[in-house]
Amino acid sequence: MTSLHESDPQVADILDHERSRQAYGIELIPSENYASQAVMEATGSIFTNKYSEGYPGKRYYGGQEYVDQVEQLAIDRAKKLFGVEHVNVQPYSGSPANTAVYFGLLEYGDTIMGLKLDHGGHITHGLPISFSGKSFNCVGYEVEKETGRLNMDAIRELAIKNKPKLIIAGYTAYSRTIDWKAFKEIADEVGAITMADIAHIAGLIAGGVHESPVPYFDVITTTTHKTLRGPRGAMIMCKNEFAKDIDKAVFPGLQGGPHDNTTAAKAVAFGEALKPEFKEYAAQIVKNAKKLAERLMHHGFNLVSGGTDNHLILADLTNKEIPGKIAQEALDKAGITLNKNTVPFDPRSPFDPSGIRLGTPAITTRGMKEAEMEKVADFISEALDHHTDDEHLGKIKGQVKDLCNGFPVPGIAL
Ligand code: DSN
């Protein structure tokens, strides 16, 4: 048994640095989180060595007695967690999961309707240069300019005009709750299938703080590593009537062997999310985001839609006269990680947009609460006020480290 430090000190050294970066910095990218030690152990487990094309009880390789157990366990736990009829836990990540839904349920050229990327959607929801945009007739809906929120009447009109075969709800940069029932009613009116992409808010739904699309939607995709706090991966949940088509689309339609080590880690994460303390975690994510938003607004930040109902905040920095890219870079120097992001109707480019996107899943995992959110907002404001002063940013980085020292990351041993 040779450790990584002995066998490959170069990679081990990079990992050590990344470990410190994660432990001593404030992680605000809303799609990131800190997986538990147990999730990481399963991810790095013996199942890395196994191939298991097929599904439990119907495989194309021998030696499946334990793989079948772990995949079935992941499926059963996911069903219990979300109350769904059917689950496929094999998708490698969110984009392959969404692609599998399209591949299984649509014909090339069909019309699909999703929120435009620069309004908070996802690449796979119909961005013209993506596989989804090239393969389907994609009609993008928008948020309202005045409110930054979805307008269900406008979405209904667009659906009636374009008659999509699939309507997608669920976003990557939208900070408000989603009216699943209203989407379902629109879909029924135009005869569309409904797909919810709950990647960002899966943990909030599992934890009972956001309404679930399950009673309304036909198909639900999610990654497993964001608010759900599992390994990098995804799953597709659906009504039984779509199960066969979805399973065939995942394997053999799009993928070969599932990553069984990730499947084991998904089972662990779903087990963690079924525990009562996960409900407290999910509720605290939202409380923290609301407090962070409130304090940022106190510092004069202009938040799209005026605040948040979930784990994320989208700030338009136009009034601060700091482009998102410069803000991201300055905050990196202060030990605060978030991402530059377009805001709806952004006159700037995605590489140099007007906004920043930030969120609370990771800092909530390390136990920070409302009092710390005030400090985090104060750090951000101070850093952006001094964004050209590296010395000042370095001083804030020291204070960030002091704060982080009081909130060790579960899963990172230093
Ligand atoms: N890359 C993810 C995010 O950051 O929101 C979406 O897939």
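The values are calculated or read from the model by the stated rules, or taken from the named source; none is laboratory data. The structure presented is a predicted model; accordingly, all values stated were derived computationally and were not measured. Here the Cβ positions follow ideal geometry from the backbone for every residue, glycine too, while neighbour counts run over all protein chains shown. To get the accessible areas, we keep the full protein, side chains included, count just its heavy atoms, and leave off ligands, DNA and RNA. Shrake-Rupley method; radii C 1.70, N 1.55, O 1.52, S 1.80 Å.
Remarks
- The set of residues in region 372-411 that are of a type outside the set (S, T, N, Q) and assigned to a loop (DSSP other than H, G, I, E, B) comprises HIS386, HIS387, ASP389, GLY406, PHE407, PRO408, VAL409, PRO410, GLY411.
- Scanning region 383-402 for residues that are under 15 Å from LEU28 (Cβ atoms) and open to solvent by 20 Å² or more (accessible area, probe 1.4 Å) returns a single hit, LYS397.
- Any hit, region 159-167, residues being within 16 Å of the ligand (Cβ to nearest atom) and in contact (Cβ under 8 Å) with a residue 60 or more places away in the chain: no
- Filter result (of a type outside the set (Lys, Arg), surrounded by 14 or more Cβ atoms within 10 Å (Cβ to Cβ) and away from the ligand (no atom under 16 Å from the Cβ)) within region 17-34: GLN22, ALA23, TYR24, GLY25, ILE26
- The requirement of being within 16 Å of the ligand (Cβ to nearest atom), open to solvent by 30 Å² or more (accessible area, probe 1.4 Å) and aromatic (Phe, Trp, Tyr) is fulfilled nowhere in region 107-119; no residue meets it.
- Members of region 46-66 that are over 27 Å from ILE220 (Cβ atoms) and open to solvent by less than 30 Å² (accessible area, probe 1.4 Å): GLN64
- Restricting attention to region 383-400, the residues that are charged (D, E, K, R) and under 28 Å from the mean Cα position of the chain (by Cα) add up to 1.
- Qualifying residue in region 333-348 (condition: within 16 Å of the ligand (Cβ to nearest atom), over 18 Å from THR308 (Cα atoms) and aromatic (Phe, Trp, Tyr)): no
- Breaking point among (1) more than 29 Å from PRO353 (Cα to Cα); (2) more than 16 Å from the ligand (Cβ to nearest atom); (3) not small (Gly, Ala, Ser), for TYR92: (2)
- Residue match in region 67-81 (condition: within 16 Å of the ligand (Cβ to nearest atom) and either buried (at least 19 other Cβ atoms within 10 Å of the Cβ) or among the hydroxyl-bearing types (Ser, Thr, Tyr) (or both)): no
- Residue within region 241-248 that is open to solvent by less than 30 Å² (accessible area, probe 1.4 Å) and assigned to a strand (DSSP E or B) present: no
- Considering each residue of region 232-245 in turn, at least one proves to be under 22 Å from GLN64 (Cα atoms) and free of Cβ contacts under 8 Å to residues at least 40 places away in the same chain.
- Hey, ILE356 touching a residue at least 12 places away in the same chain (Cβ under 8 Å), buried (at least 21 other Cβ atoms within 10 Å of the Cβ) and part of a helix (DSSP H, G or I) or not: no
- The residues of region 337-353 that are of a type outside the set (A, V, I, L, M) and surrounded by 16 or more Cβ atoms within 10 Å (Cβ to Cβ), listed by number, are THR337, ASN339, LYS340, ASN341, THR342, PRO344, ASP346, ARG348, PRO353.
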